[in-house]
1. Determine whether the stretch 29-36 contains at least one residue that is in a helix (DSSP H, G or I), surrounded by 17 or more Cβ atoms within 10 Å (Cβ to Cβ) and among the polar types (S, T, N, Q).
2. Tally up the residues in the stretch 41-80 that are open to solvent by less than 20 Å² (accessible area, probe 1.4 Å) and assigned to a helix (DSSP H, G or I), please.
3. Can you tell me which residue within the stretch 10-27, out of those that are in contact (Cβ under 8 Å) with a residue 40 or more places away in the chain and out of contact with any Gly (no Cβ under 9 Å at 6 or more places or on another chain), is farthest from TYR78 (Cα to Cα)?
4. Filter the stretch 33-52 down to residues that are of a type outside the set (Gly, Ala, Ser) and within 18 Å of the chain's Cα centre (by Cα), then give me how many there are.
5. Step by step: first the residues of the stretch 142-194, then only those that are of a type in the set (Phe, Trp, Tyr) and at pLDDT 80 or above, then the one that is most open to solvent (accessible area, probe 1.4 Å). Which residue is that?
6. Give me the pairs: first residue in the stretch 115-141 and under 14 Å from VAL62 (Cα atoms), second residue among the small types (Gly, Ala, Ser), beta-carbon distance under 7 Å, and six or more apart or on different chains, which are they?
Amino acid sequence: MTTLSNHVPDPRLLTAFAERRDGPLHRVNPWTKVGLVGALVLAVTVLQSLVLLAGLYAAVLVVYGLAGLPYRRLAGWYTLPALFIVSVAGPLAFLEPGTPILGALSTPIGELSVTWAGLVLFGELTCRSLTVVTFTLTASMTTKYTAVAYMLGRLLPSPIDQVALLTYRFTFVMIETLEDLVKAALSRGANFSEFWSNKRLYARILGMTLLTAIEQSERLVKSMEARGYDGDITVYGDVSRPPIHELFVVAGSYVAVIGYAAVAVYGVGL
């Protein structure tokens, strides 16, 4: 079940944690988690201090652990966010003016150097990205599918909600198809250790996966229409309103973030 989850979050593993575990965060109302995600995104946007961003990231890591989720998996899942951080924040660290840390490096386009300001900027972008990624994984691994489907139907307009629900369900089929192709290639002596030397094999697997997905999607549409599908997937379930103490937590989070932005960013009251 976890073949593809070493460096990529496997939806089957995330769903298994949500459905079969019962940690403290599993018992938090799903609407509260949605509200906290919004407050967290707003917080990492307005916070301007590396110390505050690092503290927020540390707090999210603590929440992740209290929910009973594995840190070892999280370290592997940071691979994709790390690639994004290095590709985006890395060049910015070299372009930030300031005092060089280890001197300048001569290049054909001029001298490049990492400054202390650039290093701080890299740390801030890293904390911003990993904070949101970590809490999003935490929320998805502690919320049952019925609650997710119900909230998608309430939050997203039609037909976007239907596309999201079908995409989520069809993701499992795509992963199983890709795993079968990879296993078949490995059984025939394929080697996936080097990308460029095996780029044709990667292209064939990707092309076959897309063709198989198209064929299965056509069969899925026909089977759903035969069962009376009219453009609306009925979700049997309900997510109650959050209790009063959780509403206070969400409201307090937004008040704290907006208050910080008003005072520290816009200078209100100074």
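1. The answer is yes, given that some residue of the stretch 29-36 is in a helix (DSSP H, G or I), surrounded by 17 or more Cβ atoms within 10 Å (Cβ to Cβ) and among the polar types (S, T, N, Q).
2. In the first step, residues of the stretch 41-80 are kept if they are open to solvent by less than 20 Å² (accessible area, probe 1.4 Å); the result is 43-44, 53, 60, 64, 67, 69, 74, 76-77.
This time we only want the ones that are assigned to a helix (DSSP H, G or I), so: 43-44, 53, 60, 64, 74, 76-77.
Total satisfying the criteria: 8.
3. Narrowing the stretch 10-27 to residues in contact (Cβ under 8 Å) with a residue 40 or more places away in the chain: 10-15, 17-19, 21, 23-26.
Filter once more, keeping what is out of contact with any Gly (no Cβ under 9 Å at 6 or more places or on another chain): 10-15, 18-19.
On the way: ASP10: 13, PRO11: 15, ARG12: 18, LEU13: 16, LEU14: 15, THR15: 19, ALA18: 20, GLU19: 23 Å.
Step by step, filter the stretch 10-27, then rank; the result is GLU19.
4. Taking the stretch 33-52 first, the residues of a type outside the set (Gly, Ala, Ser) are 33-34, 36-37, 40-42, 44-48, 50-52.
Next, only the ones that are within 18 Å of the chain's Cα centre (by Cα) stay: 33-34, 36-37, 40-42, 44-45.
Within the stretch 33-52, residues that are of a type outside the set (Gly, Ala, Ser) and within 18 Å of the chain's Cα centre (by Cα) number 9.
5. Initial filter on the stretch 142-194 (of a type in the set (Phe, Trp, Tyr)): 145, 150, 168, 170, 172, 192.
After this cut, where a residue has to be at pLDDT 80 or above as well, the list is 145, 150.
Numbers: TYR145: 55, TYR150: 40 Å².
Once the filter is applied, the top-ranked residue is TYR145.
6. So the pair list comes out as THR138/ALA67.
The values are calculated or read from the model by the stated rules, or taken from the named source; none is laboratory data. These figures come from a predicted structure and were not determined experimentally. Every residue, glycine as well, gets a Cβ built from its backbone with ideal geometry; the counts of neighbours run over all protein chains shown. Calculation scope for accessible area: heavy atoms of the full protein, side chains included, ligands and nucleic acids excluded. Shrake-Rupley method; radii C 1.70, N 1.55, O 1.52, S 1.80 Å.
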